[in-house]
Every structure is written in structure tokens, then in C-alpha cells.
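To keep things clear, I will list the structure first and then write my remarks on it.
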Amino acid sequence: MIFSVLAVLLAGGGFLARIFAERSQATDEWNRQVALAHEQAEQIRRSIVIPRDQPVRAGENFAVALEKLGLSEQEARSATSAAGRAFDLRQLRAGNSLTVGRSLEGQLREIDYRIDADRVLKILPDSPAYSAEVTRIPSRIEIVAVHGTVEDSLFRGIELAGESAELAMRMAEI
């Protein structure tokens, strides 16, 4: 009797060993997937930039505009200093877009000032100081026929025709 019970337990032991091995493999795979999910979440957290932008107002200097977008006085001063090394800030134009990008936690990631349709001033909070450079905005020129009636202004007419303000600027130069 004891021998037959022992034989059954031993025979079932192979089955139980296989179940425990499969469970161990499943647990290992689960842990691997959890680690991958954590890595991906961290990568997303690091790479997402939430932009906040506003146009530069008439008479406003660069540092004041940055402070209005949430930078501290020290951050605004450092960013302005870096910007001044890459671009003449006396050429700041009212209405041009100033964008401050922050991480999900609110950490400053980048500052962009749209100089014109072809260029942007990029400021990065590199450690220990800020860096800035003027970069070209990729664009493409397409020749297409557009028609419309100018009843109010050139800008409004082109806008109603579904085209960009950049086209209006180029037409005004003709």
C-alpha cells in the first residue's frame, strides 16, 4: 500500500515538476515584460515635450516674454544670454511665436522662437549653461494655381482662398 502511494506520488511528481517549471517560465516572462514596460514608460516620459506658446508682444523683450511663459528670472536671463550669442535679439518681432517646451514633470526641455518662415532660434537648457542656434525650417515650394477675389485685404483674400500667410507675404513683395 505504501509502495503504491509512493509510486503514484513519484509518477505525479514529473507532472508537478513540469507545472512548476512552466510557472517559473511564465513568471520570468511576466517580469521581463514588466521591465520592458517600465523602460518604455521611462523613454516616453523623457521624450514627451509639452509646448506652451504665445506671440511676442510689441515692446516686450525676450527675457520678459520667457518669464510670462513660466521661466524663472534666472532661467530667462540664462536663455536670453545664450540666444543673444546666436541671434541679434534687437530683431525680435512682435507677433512671432515663442514656444517653451517642458517635460511631463515640468522640467524645461527647449525654447523656440520663430524668426521667420524659414528659420527658428532653438535654445536648449544644456548643463551647466544654455545653448542656442538658428536652424532652418524645412519647407518645400510648390507651384500651383490659386484664384480668389481680394475684397478686404491681400492677407484676408489669401486666407479665404485656403493658403498661408507666408504666401501673402511673398505676394506682397512682388
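Bear in mind that the values in this text are calculations on the coordinates, not laboratory data. Everything numeric here is computed off the predicted structure, so don't read it as measured data. Neighbour counts run over all protein chains shown; Cβ positions are idealised from the backbone, glycine included.
Given the Cα-Cα distance of A145 and S164 and 0.36 nm per residue of separation, how much length would full extension add, in nm? List each step's numbers first, then the result.
Working: separation 19, 0.36 × 19 = 6.84 nm, distance 1.40 nm.
Length gained, A145 through S164: 5.4 nm.
Once every DSSP H run of n ≥ 4 in the chain is given -39500 (n - 2.57) and the sum is divided by its residues, what mean residue ellipticity at 222 nm do you get, rounded to the nearest 500 deg cm²/dmol?
Values: 5 runs with 82 residues, N = 174.
That calculation yields -15500 deg cm²/dmol at 222 nm.
According to a simple spin-label model (label point 7 Å from Cα along Cα-to-Cβ), what is the distance in nm between W30 and R45?
Going by the 7 Å Cα→Cβ label model, 2.3 nm.
Tell me, in nm to one decimal, what length is gained between F20 and E110 on full extension, where the rule is 0.36 nm per residue of separation less the Cα-Cα distance?
On the way: separation 90, 0.36 × 90 = 32.40 nm, distance 5.17 nm.
Between F20 and E110, full extension yields 27.2 nm more.
Between S127 and F155, what is the label-point separation in nm under the 7 Å Cα-to-beta-carbon projection?
4.4 nm
Rounded to the nearest whole Å³, what is the per residue volume of the convex hull around the Cα atoms of segment 50-136?
Values: hull volume 7.5 nm³, N = 87.
Once divided by residue count, the hull of segment 50-136 is 86 Å³.
Enter the mean projected area of the convex hull around the alpha-carbon atoms of the chain, in nm², rounded to one decimal. Show your work: numbers first, answer last.
Details: hull surface 82.7 nm².
Hull-based average projected area comes out at 20.7 nm².
Kindly list the residues of segment 100-127 that lie in the label zone of R77, defined by a backbone N under 14 Å from the point 7 Å along the Cα-to-C-beta vector.
No residues fall inside that zone.
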